[in-house]
Amino acid sequence: MPVWSDQPRPDPEACRESDEGLFEVTVRDGRARLGKLYTKHGVLETPALLPVINPNIRTIEPREMWDRYGIGALITNSYIIWKHDKLKEIATTNGVHELLNYPGVIMTDSGTFQSYVYGDVEVGVEEIVEFQRSIGVDIATMLDVFSRPDMKHSEVSAAVEETLERSQLSVDTAQDTMLNGPIQGGLFPDLRKKSAMEMSKFDFSIHPIGGIVPIMEQQRYREYAKIMLSTLPFLPSNRPVHMFGCGHPMLFPMSIALGADLFDSAAYALFARDGRILTPWGTEKLEGLIEWPIIMPCISSHTPEEVRKMDKDDRMKLLSKYNLEITLAELSRCRQAVRDGDIWRLVEQRSHQHPALRDAFLWLTTNPATAKYIKLNHDDIPLDEITSSQDFSNQGGWESGWNWILDAQLTPRKGGEQWAGSDTFSRPHITAARNLLFDRWHPRKSTEIGSDSVLIFYGQSGPWRDRCDAVVAKILQYVPGLEIMINTPIGLVPYSLEDLNPFCHIEGPDWLWKNKLDMAKIAQELDNFGLAGKAIIPVDLRKDNFETLVFEKMNKFESSVKAELVDGQIKILDEELFKQGHLKLNRLKAADKFSVLFNINHEVAQEMSHSMQFVVNKYGRIKNVLSSSGQHLASFRLGDGGLSLNNSGAIELFARRRKQLPKTFSQTSIAPYAGEGLAVVVVDDDAEPFIRKGRNVFHGFVLACDPWLRPGEACLICDKAGNLLGHGVSVSTVEDLASMKKGVAIKTRDGIKEDA
Ligand code: GUN
């Protein structure tokens with residue numbers, strides 16, 4: 001299928017009646033999601049841009065938007081249609097699709113924006129929704145009350161209240177027409193949160209974020225981000241989020257990464273009227289251009305000079321198309337980035353292109369109020385600036401929003417982490433990976449020799465196992481209590497997790513690794529790991545004789561008196577002891593992976609590891625973990641350092657669960673539940689035979705789940721009587737499981753037969 005085509009496109013097919021109004025998530029990258037919205041006029045793929053059509057001035061024909069650009073939905077204003085007798089008559093007689101000559105999804109706005117611009121509108125709350133329903137729109141909008149950023153708390157509060165008061169009548173009037181329930185709240189996080197929580201209680205299909213146009217016009221993007229963080233965590237995730245009036249491509253990556261699904265834009269036409277061009281990095285003027293900033297199909301055979309000389313109307317039409325093409329291309333880029341798991345990298349790249357975006361990005365990713373652990377290596381923003389970012393208002397609300405972003409990050413993932421300067425260190429999935437270690441990994445409770453010290457390998461990139469495994473096995477033989485860590489550009493990682501992504505595979509210049517150890521940062525890191533106060537034994541891996549170094553440093557421990565150095569290598573005095581050192585290392589690797597990746601209590605994991613057996617490949621790397629009786633519990637994934645659960649492992653871990661099964665979906669949060677085991681998902685009895693056969697769990701069949709369930713993480717599936725039916729990997733957040741009605745919820749890895 002071509003992206004844009006000169007051929008007419010067939011009209012859309014209506015979705016199944018039972019699916020109408022449902023929203024399904026098909027791909028996710030953190031809170032960014034690709035989805036499908038089911039309507040009578042086709043299935044709309046999101047994130048989507050709904051171009052604004054002024055029914056009086058049709059700069060680009062809606063039919064061309066459908067045929068040429070494949071635009072699946074547009075938005076027009078029902079108040080304008082209602083006010084103009086001619087438009088009203090056609091719409092009432094033939095429907096809005098005929099009026100606009102457009103076969104796809106039509107959303108209409110209600111007149112709220114006109115009320116904001118002109119002070120008032122003549123239409124009633126019930127009347128405008130009834131009108132939208134009567135002309136056959138797919139998605140109508142209630143008459144909400146616009147909250148401006150310059151309003152006082154009491155004024156905004158009144159706007160929120162009035163919108164709430166109008167909601168039930170609007171929902172009742174809309175009947176089976178899908179209805180937008182806009183969220184107001186101005187710049188006040190407490191009011192945004194309240195609006196989100198209260199509006200969620202009504203039967204709306206979509207929640208637009210309202211009142212943001214002046215904020216975008218004033219380029220207050222930090223505030224825009226704060227509004228998203230104080231609103232989206234409190235909306236049901238089965239309802240798409242629409243950024244009302246947001247159509248500048250510059251804002252797409254950040255908005256999508258923070259959870260936006262829909263955008264609407266009059267910008268493509270408005271900017272064209274002023275001879276301006278929208279680009280992903282801002283706005284440019286046609287005046288003075290010698291060459292195009294981006295070459296797009298509609299403009300490719302014209303020079304800027306030729307376009308300047310065009311007749312006003314033709315120029316506006318052509319620039320509108322050009323703006324629309326650039327806008328759509330940026331949206332495609334964002335969708336692909338979500339598929340590639342790269343949306344935050346795009347946000348990062350785009351943030352460099354506009355000062356206000358950069359400010360918003362740094363505020364999001366480095367603000368200590370929103371981050372649990374002090375960030376490493378971020379030195380391009382003064383601390384007092386980010387800590388004093390209270391201009392928004394002094395009432396909290398957005399702080400937890402960043403955890404909401406972090407808790408949905410997928411980690412570990414495959415492939416290298418491309419270094420791109422200090423921003424790399426605050427990518428949300430890296431922060432999430434670090435937080436998982438800090439929350440779930442624990443030092444061994446050891447009184448053995450060496451337990452007062454930490455050995456830190458540094459100076460060289462991974463993989464470390466080929467070079468260091470044998471040395472570590474020898475160290476563990478002589479100094480069994482020693483903790484061993486590796487210093488990576490994104491922080492310390494326990495040696496036992498040396499193949500864990502993203503720590504093990506950072507693509508960047510060599511000097512990233514060769515930096516000297518920064519002892520202040522190391523102390524902070526050790527504190528995060530619960531290793532504060534331990535003596536630090538640094539070992540520089542760049543040294544050819546690094547084993548000699550280890551030997552010399554080990555010598556301070558009494559237990560090492562027998563150790564000998566031969567040809568720069570620590571002599572193996574006793575093969576059996578050396579083998580035991582290797583086994584100890586393998587057990588440590590398994591125990592720590594079970595703790596960090598399956599959320600098993602570290603003491604339980606260590607105890608389990610004592611009876612584990614290991615199948616290793618020809619390089620000695622663990623492939624499979626077996627129980628003492630040879631049952632296959634789990635496999636080490638070589639691609640990302642993850643762990644894949646097997647049936648025997650699922651049965652064993654389920655048997656160890658002492659906590660009651662979840663009965664509901666509670667407020668999600670991961671950190672307080674470290675060590676509570678694999679999250680359990682309880683499904684409806686109807687799903688049982690399918691899960692036992694290994695089929696996926698679908699939304700609508702999940703009754704409850706543990707609050708620490710994370711997308712991308714393994715989970716157990718059972719029925720409400722407590723029978724284990726299978727295990728899988730969640731593709732959902734807790735909020736998704738609580739609200740979604742369509743699509744895959746859990747990818748089942750295997751079902752468990754009744755007699756297993
Ligand atoms: N268009 C832009 N902002 C808004 C808003 O807050 N409410 C409505 N209904 N439409 C808008």
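Quick look at the numbers
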{"item": "In segment 159-202, residue least open to solvent (accessible area, probe 1.4 Å) [restricted to those that are within 27 Å of the chain's Cα centre (by Cα) and of a type in the set (S, T, Y)]", "result": "S195"}
{"item": "Count of segment 57-68 residues which are buried (at least 20 other Cβ atoms within 10 Å of the Cβ) and not β-branched (V, I, T)", "result": "4"}
{"item": "Selection within segment 512-527 - in a helix (DSSP H, G or I) and not charged (D, E, K, R)", "result": "L512, W513, M519, A520, I522, A523, Q524, L526"}
{"item": "Residue selected from segment 229-242 under the condition among the hydrophobic types (A, V, I, L, M, F, W, C) and under 26 Å from A174 (Cβ atoms), by the criterion farthest from the ligand (Cβ to nearest atom)", "result": "F234"}
{"item": "Test: L476 is at pLDDT 90 or above and open to solvent by less than 20 Å² (accessible area, probe 1.4 Å)", "result": "no"}
{"item": "When residues of segment 438-458 are limited to those that are of a type in the set (F, W, Y) and assigned to a strand (DSSP E or B), the one farthest from K584 (Cα to Cα)", "result": "Y458"}
{"item": "Residues of segment 118-150 that turn out to be open to solvent by 70 Å² or more (accessible area, probe 1.4 Å) and of a type in the set (F, W, Y), as a count", "result": "1"}
{"item": "From S115, S78, S18, S110, residue being within 26 Å of S167 (Cα to Cα), open to solvent by 20 Å² or more (accessible area, probe 1.4 Å), within 16 Å of the ligand (Cβ to nearest atom) and not hydrophobic (A, V, I, L, M, F, W, C)", "result": "S115"}
{"item": "Check on T424, farther than 14 Å from I506 by Cβ and polar (S, T, N, Q)", "result": "no"}
{"item": "Search result, residues across segment 655-694 that are under 29 Å from the mean Cα position of the chain (by Cα) and either over 20 Å from V734 (Cα atoms) or among the hydroxyl-bearing types (S, T, Y) (or both)", "result": "T664, S666, T668, S669, Y673, G694"}
{"item": "Cross-chain or 6+ apart pairs with Cβ under 7 Å, segment 346-368 first and farther than 22 Å from Q418 by Cβ, then open to solvent by less than 10 Å² (accessible area, probe 1.4 Å) and part of a loop (DSSP other than H, G, I, E, B)", "result": "W363/S389; N367/S389"}
{"item": "Subset of segment 608-636 [among the charged types (D, E, K, R) and either touching a strand residue (DSSP E or B) at 6+ places or on another chain (Cβ under 6 Å) or loosely packed, with under 13 Cβ neighbours inside 10 Å (or both)]", "result": "K618, K623"}
{"item": "Test for N54: is it farther than 22 Å from T173 by Cβ, within 16 Å of the ligand (Cβ to nearest atom) and either of a type in the set (S, T, N, Q) or touching a Cys at 6+ places or on another chain (Cβ under 7 Å) (or both)", "result": "yes"}
{"item": "Inter-residue pairs, beta-carbon under 7 Å, first within 15 Å of V729 (Cα to Cα) and in segment 626-644, second aromatic (F, W, Y), 6+ apart", "result": "L643/F598; L643/F636"}
{"item": "Of all residues making up segment 463-473, the number that are crowded, with 23+ Cβ neighbours inside 10 Å and touching a Gly at 6+ places or on another chain (Cβ under 9 Å)", "result": "1"}
{"item": "Qualifying residue in segment 88-100 (condition: of a type in the set (G, A, S), touching a residue at least 12 places away in the same chain (Cβ under 8 Å) and part of a loop (DSSP other than H, G, I, E, B))", "result": "yes"}
{"item": "Selection status of G341, touching a Ser or Thr at 6+ places or on another chain (Cβ under 6 Å), modelled with pLDDT of 55 or more, open to solvent by less than 50 Å² (accessible area, probe 1.4 Å) and not in a helix (DSSP H, G or I)", "result": "no"}
{"item": "Residues located in segment 124-161, provided they are out of contact with any Ser or Thr (no Cβ under 8 Å at 6 or more places or on another chain), farther than 22 Å from L100 by Cα and not charged (D, E, K, R)", "result": "G124, S147, P149, M151, S154, S157, A158"}
{"item": "Test: residue in segment 495-511 that is outside any loop (DSSP other than H, G, I, E, B), open to solvent by 40 Å² or more (accessible area, probe 1.4 Å) and small (G, A, S)", "result": "no"}
{"item": "Residue that is farthest from V734 (Cα to Cα), among those in segment 34-51 that are open to solvent by 20 Å² or more (accessible area, probe 1.4 Å) and in contact with a strand residue (DSSP E or B) (Cβ under 7 Å, 6 or more places away or on another chain)", "result": "H41"}
{"item": "Flag for P463 being in contact (Cβ under 8 Å) with a residue 60 or more places away in the chain and part of a loop (DSSP other than H, G, I, E, B)", "result": "no"}
{"item": "Extreme residue, least open to solvent (accessible area, probe 1.4 Å), among residues of segment 558-593 that are part of a loop (DSSP other than H, G, I, E, B) and out of contact with any helix residue (DSSP H, G or I) (no Cβ under 7 Å at 6 or more places or on another chain)", "result": "D574"}
{"item": "Residue among I522, I486 that alone is under 21 Å from H442 (Cα atoms) and either open to solvent by 40 Å² or more (accessible area, probe 1.4 Å) or modelled with pLDDT of 95 or more (or both)", "result": "I486"}
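So that you can scan it fast, the table gives a plain yes or no per residue for (1) of a type in the set (S, T, N, Q); (2) over 37 Å from the mean Cα position of the chain (by Cα); (3) surrounded by 16 or more Cβ atoms within 10 Å (Cβ to Cβ):
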| site | (1), (2), (3) |
| --- | --- |
| L531 | no, no, yes |
| N555 | yes, yes, no |
| S595 | yes, no, yes |
| F598 | no, no, yes |
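The values are calculated or read from the model by the stated rules, or taken from the named source; none is laboratory data. As the structure is a computational prediction, the values presented were derived from the model and not from experiment. For neighbour counting, all protein chains shown are included, and Cβ atoms are generated from backbone atoms with ideal geometry for every residue, glycine included. Keep in mind that these areas ignore ligands, DNA and RNA; they rest on the heavy atoms of the full protein, side chains included. Shrake-Rupley method; radii C 1.70, N 1.55, O 1.52, S 1.80 Å.
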